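What follows is a single structure, written as structure tokens, with notes after it.
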Amino acid sequence: MEEKEIIKQSENLLIPTYSRYPIVLRKGRGVRVWDINGKEYLDFLAGIAVNVLGHCPRKVVMAVQKQVQRLVHVSNLYYTEPQLALAKILIKNSFADRVFFCNSGTEANEGALKLARIYMKSKFSIDRYEFISTYNSFHGRTFGSLSVTGQEKYHHGFEPLLESVKFVPFNDVQAIKDAINDKTCAIILEPIQAEGGINLPERDYLKKVREICNSERILLILDEVQTGIGRTGKLFAYEHFGIEPDIMTLAKGLGGGIPIGAILTKEEIAKAFGPKTHASTFGGNPVACSSALATLDTVLEDGYLIDHCQRMSKYFMKKLNFLKDKYPEKIKEVRGLGLLIGVELTFDAIEIVKKCMEKGLLIGTAGDGSVLRFTPPLIIDKDDIDEAISILDKVFREA
Ligand SMILES: *Cc1c(COP(=O)(O)O)cnc(C)c1O
């Protein structure tokens with residue numbers, strides 16, 4: 001079928017929740033994807049921070065192939081080897097003692113909110129159920145996660161949401177103090193607000209939030225769905241800030257492209273999630289766990305890829321800042337950590353994204369629409385970056 005026809009039929013058959021770009025992607029290898037006409041693209045979006053090892057990485061493909069032939073799915077009423085192996089590697093490399101597997105970011109956050117509530121109920125005699133979240137945050141599309149997402153545009157039409165949520169500005173410690181009362185259960189935060197515009201925490205913000213959580217005996221939930229798995233130049237972003245969360249959620253990069261999510265927490269909190277409190281039919285599926293295990297194994301190998309991510313980040317940010325100096329009336333700011341990078345423009349970023357696509361570079365947007373979002377695979381090299389910069393240079397010159 002031709003490209004036009006596939007697009008037309010898809011537009012007629014799929015529920016129209018997405019505004020998609022008019023290309024049909026068929027094949028991927030490393031940092032590149034090809035559409036059905038054979039046109040090649042440099043993929044600096046990577047499924048929005050999903051394909052950390054690029055497309056079809058050998059080790060992941062082999063692990064999935066092997067597992068698919070052995071066992072595709074069994075219920076969580078039974079134990080499997082891939083689930084245990086994945087739990088071990090996550091626990092060994094994080095603050096956590098225990099992990100729960102699910103299928104997506106929103107499902108992980110949904111579970112984290114439930115866990116926070118049931119734990120606080122088990123611990124205190126007064127009912128502590130309120131959540132504090134930040135404006136411009138993004139935590140997912142299901143009702144619980146949506147309710148703690150601090151962007152009005154995503155709430156619109158779906159109200160009433162969970163009532164017991166208070167929003168405060170990101171980077172405002174005093175606002176958190178003011179929002180806390182004897183019903184506060186947990187604070188949920190992205191260490192770096194990604195979808196909301198690549199907004200970085202100020203120095204000591206997360207440390208101060210951690211201190212408040214300790215002194216007020218409130219849980220700190222870190223949503224590392226986008227920042228996790230090496231994205232920011234550490235395995236988890238919290239490692240940059242000298243703190244640990246009580247609960248952390250993962251998804252996006254975790255499975256190397258196969259859907260999987262996870263909730264990580266400490267022993268004492270995990271105990272509150274006893275039998276029959278929470279479940280997920282597909283959570284921890286053997287194929288997804290094998291894929292995630294192969295992904296993590298590769299990311300962690302000698303720390304090579306994570307160091308590489310930091311080096312490529314420096315190089316990419318330097319080059320992006322050259323562009324900023326060259327087009328000061330078009331580019332306002334370059335910001336980010338590791339390979340989670342935002343470029344704030346003085347105008348709507350979508351025009352740039354479309355022009356880049358025409359010239360063979362895939363990138364995204366963030367925030368109010370004026371931010372270009374770069375979440376390339378961690379395996380990119382300097383040549384890939386040079387190529388992306390040269391396309392961006394041309395596009396900005398013409399814009
Ligand atoms: C993408 C994202 C989510 C939602 O993940 P889904 O897998 O799409 O449900 C939640 N939190 C953050 C920080 C995200 O970036």
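The values are calculated or read from the model by the stated rules, or taken from the named source; none is laboratory data. Quantities reported herein were computed from a predicted structural model and do not represent experimental measurements. No Cβ is skipped: glycine too gets one built from the backbone with ideal geometry, and neighbour counts run over all protein chains shown.
Evaluated against (1) under 16 Å from ARG231 (Cα atoms); (2) in contact (Cβ under 8 Å) with a residue 24 or more places away in the chain, LEU361 falls short on exactly one condition, (1). Considering the conditions (1) of a type in the set (Ser, Thr, Tyr); (2) out of contact with any strand residue (DSSP E or B) (no Cβ under 7 Å at 6 or more places or on another chain); (3) touching a residue at least 60 places away in the same chain (Cβ under 8 Å), SER94 is excluded by exactly one of them, (2).
From the list SER122, SER145, which residue is of a type in the set (S, T, N, Q), in a helix (DSSP H, G or I) and in contact with a helix residue (DSSP H, G or I) (Cβ under 6 Å, 6 or more places away or on another chain)?
When all the criteria are applied, what remains is SER145.
In this structure, ALA294 does not qualify as aliphatic (A, V, I, L, M) and within 16 Å of the ligand (Cβ to nearest atom). Return the residues of the stretch 307-358 that are without any contact (Cβ under 8 Å) to a residue 12 or more places away in the chain and assigned to a strand (DSSP E or B); say none if nothing qualifies. Of everything in the stretch 307-358, just one residue is without any contact (Cβ under 8 Å) to a residue 12 or more places away in the chain and assigned to a strand (DSSP E or B), namely GLU333.
I want to confirm something. Restricting to the stretch 91-119 and keeping residues that are part of a helix (DSSP H, G or I) and polar (S, T, N, Q), which single residue is nearest to the ligand (Cβ to nearest atom)? In this case the residue turns out to be THR106.
Within the stretch 364-393, the residues that satisfy the criterion of being within 22 Å of GLY233 (Cβ to Cβ) and without any contact (Cβ under 8 Å) to a residue 40 or more places away in the chain are LEU372, ASP383. A Cβ distance below 9 Å, combined with a sequence gap of six or more or placement on separate chains, defines the contacts here; from the stretch 140-151, residues that are within 15 Å of ALA194 (Cβ to Cβ) reach residues that are away from the ligand (no atom under 12 Å from the Cβ) and hydroxyl-bearing (Ser, Thr, Tyr) in the pairs GLY150/TYR135; GLN151/TYR135. Taking the criterion of being in a loop (DSSP other than H, G, I, E, B) and in contact with a Phe, Trp or Tyr (Cβ under 9 Å, 6 or more places away or on another chain), the residues of the stretch 244-278 that qualify are GLU244, PRO245, ASP246, PRO259, ILE260, LYS266, LYS271, ALA272, PHE273, HIS278. Residues of the stretch 239-273 that are within 30 Å of VAL61 (Cα to Cα) and of a type in the set (Val, Ile, Thr): THR249, ILE258, ILE260, ILE263, THR265. Can you find a residue in the stretch 29-52 that is in a helix (DSSP H, G or I), without any contact (Cβ under 8 Å) to a residue 24 or more places away in the chain and exposed (fewer than 12 other Cβ atoms within 10 Å of the Cβ)? No: the stretch 29-52 contains no residue that is in a helix (DSSP H, G or I), without any contact (Cβ under 8 Å) to a residue 24 or more places away in the chain and exposed (fewer than 12 other Cβ atoms within 10 Å of the Cβ).
Just one of the listed residues (LEU220, LEU235) is assigned to a loop (DSSP other than H, G, I, E, B), among the aliphatic types (A, V, I, L, M), surrounded by fewer than 24 Cβ atoms within 10 Å (Cβ to Cβ) and touching a residue at least 12 places away in the same chain (Cβ under 8 Å), and it is LEU235. Only one of the listed residues (ASN136, ASN171) is within 15 Å of the ligand (Cβ to nearest atom) and on the phi > 0 side of the Ramachandran plot. That residue is ASN136.
The rows are residues; the columns are (1) at pLDDT 95 or above; (2) surrounded by fewer than 23 Cβ atoms within 10 Å (Cβ to Cβ); (3) of a type outside the set (Asp, Glu).
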position	(1), (2), (3)
ALA272	yes, yes, yes
ASN285	yes, no, yes
ASN321	yes, yes, yes
GLU333	yes, yes, no
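Only one of THR184, THR149, THR142 is modelled with pLDDT of 95 or more, polar (S, T, N, Q) and buried (at least 24 other Cβ atoms within 10 Å of the Cβ). Can you tell me which? Among THR184, THR149, THR142, only THR149 is modelled with pLDDT of 95 or more, polar (S, T, N, Q) and buried (at least 24 other Cβ atoms within 10 Å of the Cβ).
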